[in-house]
Amino acid sequence: MLHISGKEFGYLATNKVYENFNLVVEFKWGTKKWPPRHADTTKRDNGICFYLPADQKDTVWPKSIECQIQEGDVGDIWLIGGATVEVEGKRTQPMDYLRVQKKTDQENRTGEWNKVELVVNKGSITYLVNGAVVNTASNPNITKGKILIQSEGAEIYYRNIRLAEL
């Protein structure tokens, strides 16, 4: 099991660069939240980013594509630092941060375990939450890089982490 306190903003990153992969994690929110997410009305937030270029400067948050893990928003795609993809045949615009909202809500309530799967293969990106496809994209403008797990102000637990190259 991986426990992230969330107290500090940052991330854990793979040493290895990945291009085509399947990543499966189960997560559950803890009870602790830290500034600026400490208010009762603020959503718990973390995420899994991928395609972090190996030569990218170590910064929060580096150029990458994120699978959002945030209360109520699990499965949103966040494009960070100019990353772009095609969604329904249309290319997104390069921006510092751009959100592609999930198509359906499949996450369990806070405090319950959720399963998130990222299938990234040959230019196709698919996010599944608890076994259901919630978001898809294709043809990213970055195509390989490290994978990272964020720490972003909220306590979270991960288990059954499986990463396989495709």
Of all residues in segment 27-48 being closer than 17 Å to G72 by Cβ and hydroxyl-bearing (S, T, Y), which is surrounded by the most Cβ atoms within 10 Å (Cβ to Cβ)? T42
Taking segment 1-19 and keeping only residues that are under 21 Å from W34 (Cβ atoms) and of a type in the set (F, W, Y), one is left with F9, Y11
Neighbours by Cβ (under 7 Å, 6+ apart or cross-chain): first from segment 1-26, over 21 Å from K63 (Cα atoms); second part of a loop (DSSP other than H, G, I, E, B): K7/W34; E26/W113
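Say whether the condition of being in a loop (DSSP other than H, G, I, E, B) and either touching a Pro at 6+ places or on another chain (Cβ under 6 Å) or among the polar types (S, T, N, Q) (or both) is met by at least one residue in segment 35-49.
yes
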Give the residue that is surrounded by the most Cβ atoms within 10 Å (Cβ to Cβ), with candidates limited to residues of segment 102-136 that are part of a strand (DSSP E or B) and more than 14 Å from the chain's Cα centre (by Cα). V133
Going by the conditions given, is K63 crowded, with 20+ Cβ neighbours inside 10 Å and either in contact (Cβ under 8 Å) with a residue 12 or more places away in the chain or more than 13 Å from the chain's Cα centre (by Cα) (or both)? yes
Could you say whether any residue in segment 44-59 is in contact with a strand residue (DSSP E or B) (Cβ under 7 Å, 6 or more places away or on another chain) and of a type in the set (D, E, K, R)? yes
Scope segment 91-135; condition on the phi > 0 side of the Ramachandran plot and modelled with pLDDT of 95 or more; matching residues: K122, G123, N130, G131
Pull up segment 137-161, narrow it to residues that are more than 15 Å from the chain's Cα centre (by Cα) and part of a strand (DSSP E or B), then point me to the one that is surrounded by the fewest Cβ atoms within 10 Å (Cβ to Cβ). N160
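Checking the structure you have, find out if any residue of segment 136-143 is closer than 22 Å to K33 by Cβ and of a type outside the set (D, E).
Among the residues of segment 136-143, not one is closer than 22 Å to K33 by Cβ and of a type outside the set (D, E), which makes the answer no.
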Would you tally the residues in segment 67-99 being in a strand (DSSP E or B) and either over 20 Å from V17 (Cβ atoms) or touching a residue at least 40 places away in the same chain (Cβ under 8 Å) (or both)? 13
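The values are calculated or read from the model by the stated rules, or taken from the named source; none is laboratory data. Quick caveat: nothing in here was measured; it's all calculated off a predicted structure. FYI the Cβ positions are ideal-geometry reconstructions off the backbone, even for glycines, and counts take in every protein chain you see.
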